[in-house]
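What follows is a set of notes on a single structure, which appears directly below.
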Amino acid sequence: MTVQNYLELESLFNISLRTQLEMIANFHEEMKRGLAGKKSSLKMLPAFIWPPSGEEQGEYLAIDFGGTNFRVMSVKLLGQGKISKPIAHNYKISTSVMRGAREDLGNFIVDSVLDFMQKEKIDPQFRVKIGLTFSFPMKQLDIRSGILINWTKDFAVADVVGTDVVDLVESAFFDNGFHQIKVGAILNDTVGTFCKGRYTHPNCSLGVIAGTGTNASYSEKISNIKKSPQLSTKTDEMLINIEWCGFNLFPRNHYDRAVDKLSQNKGEQFFEKAVSALYLGTLTSLVVNSFVATNKFSHHMKILEKDKFFTAEELSLVLAYSDKNLHWLRMTLVDKGIQTTQADRILIKKIAELVFSRSAKFLATLIVATVTKNDPELKRRHTVAIDGSLYEKAHGYKGMVQMEIDLLTLRKEGEINLFVCKDGSGVGAAIVNAVAFS
Ligand code: BGC
């Protein structure tokens, strides 16, 4: 199916207030079903950790696996909500690690950690308990175990699904002769972001990732986690990794379905495919291609082949540059072997704006939905910690999300307040480690 004109496209990507309110109601239902262990598009995974107090102290080694880069960092928690600037190194995750053998993943983690230790003059013979952020859905039975449910975001390492990731990492260190390096805690990146958010902002109610993928964690009363009545923690709360990336009760159009068909994990992660950076470039490119097919562009414009699809980073720059001639976009397309007129470029920019603003609107809707699950009338102020390249870097995105939240809640600005939680997923691993052992 092709779209006849821009107005038709606009109506495909426009989300009405009514739709947003329906999404919120559906999301609340799905949260309850997930917590009760019933069939739901939200996994609602107990994280076996509770919110930090902000007083935890100590120096920890943290590793963060699950985005574009693998990060190794050393983090010092100072108490009173203060954290010194982490020392961090990035290691690029190659496609052969992302889709390779289990042993290769283990060796990649060991090599990167040893490289970090060498650079930062940390003796690898020390007894260390690492905080491990692993940004995929895991079934946990305690803070030191995480059984991978499925891969997402184009990762597909063999023989890991259904196994404990802590075993994978500890055996890799053991096999390389470092039996004293252990994992102290394993956590999802949203749990890390929540914990860093709460450590520094006592009224933080939600940790969100909006980057390559998207997801969120919040703190739930143990009595509401009906599927695991035997849970015990030091407080009466436990963090829940929602896995909202899988939410599916929202309107999807035929472009969303086409993105799904092209993805590694067909039929899954529908919300993520409409919102996160990994998919926004494909989505925009598919719309552009349907406009090329129906001659909405000048005769110069060509179909974008898959290896020439826009990336979210490119589009973010397209949105950022507002010169009349859209020179940057012209050069980006020249690099892809395509000539354009100014009118072509204006249309491409408009398409990207529609795709990115729908993403921001969807994200805002689920933020409001999560916060209002336990505070339906918004009786208190909420702070939301967000980490991830899309939120942090995409031009105008932060403002759009906050504006949509303010519109939806019809409250004074600041009732639900967002802040960039830099390094939340990595630093959070150090905090979770500290909470687990305090
Ligand atoms: C994963 C989540 C993760 C999110 C953000 C999703 O694909 O399923 O576990 O939190 O990406 O990294």
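The values are calculated or read from the model by the stated rules, or taken from the named source; none is laboratory data. This is a predicted model, so every value here is computed, not measured. Glycine gets a Cβ as well: all are built from the backbone with ideal geometry, and neighbour counts include every protein chain shown. These area figures cover heavy atoms from the full protein model, side chains too; ligands, DNA and RNA do not enter into them. Shrake-Rupley method; radii C 1.70, N 1.55, O 1.52, S 1.80 Å.
Values as computed for the structure displayed
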item	result
Burial ranking of peptide ranges 281-293, 32-44, 357-369, 308-320 (average Cβ count within 10 Å, highest at the top)	357-369, 281-293, 308-320, 32-44
Among ALA216, ALA394, ALA385, residue whose mean-square fluctuation peaks in a GNM of the chain (springs only between Cα atoms under 10 Å)	ALA394
Centroid-to-centroid separation of the range 239-256 and the range 140-193 [C-alpha atoms, Å]	25
Whole-percent carbon and sulfur share, accessible surface of the range 261-375, 1.4 Å	52
Å² per residue, accessible surface of the chain at 1.4 Å	42
THR212 accessible area, assembled protein chains, probe 1.4 Å, Å²	40
Label-point gap, in nm, between THR311 and SER298 - each point 7 angstrom along Cα→Cβ	2.8
Net charge dipole size for the range 183-263 [Lys, Arg +1 and Asp, Glu -1 on Cβ; Debye, nearest 20]	80
Farthest positive-ward along the range 312-361 dipole, Cα basis, beta-carbon charges - from SER357, SER322, GLN339	SER357
Under the Debye formula (equal points on every Cα, no solvent term), log10 I(q)/I(0) of the range 304-415 at q = 0.19, 0.24 Å⁻¹	-0.96, -1.32
Assigned charges on the beta-carbon of Lys, Arg, Asp, Glu; the range 354-438 dipole about Cα centre (debye)	100
HN-Hα J in Hz across the range 401-407 - Karplus 6.51, -1.76, 1.60, θ = phi - 60°, x for Gly and Pro	5, 4, 4, 5, 5, 5, 5
Shape category assigned to the range 264-321 from the gyration tensor of Cα positions, a/c cut at 1.5	oblate
Per-selection metrics, the range 24-82 (Cα): Rg and Dmax in Å	17.2, 43
Projected-area mean, the chain, by convex hull of Cα positions, square nanometres	21.0
Of LYS196/LYS393; LYS82/LYS153; LYS273/LYS336; LYS153/LYS227; LYS308/LYS350; LYS273/LYS379, pairs whose Cα-Cα distance is over 22 Å	LYS82/LYS153; LYS273/LYS336; LYS153/LYS227; LYS273/LYS379
The range 12-118 - Rg and Dmax from Cα coordinates, angstrom	20.3, 56
Dipole of the range 231-308, positive end: most advanced residue of LEU280, GLN264, PHE291 [Cβ charges, Cα centre]	PHE291
Dipole magnitude of the chain about its Cα centre (Cβ charges: Lys, Arg +1; Asp, Glu -1), debye to nearest 20	740
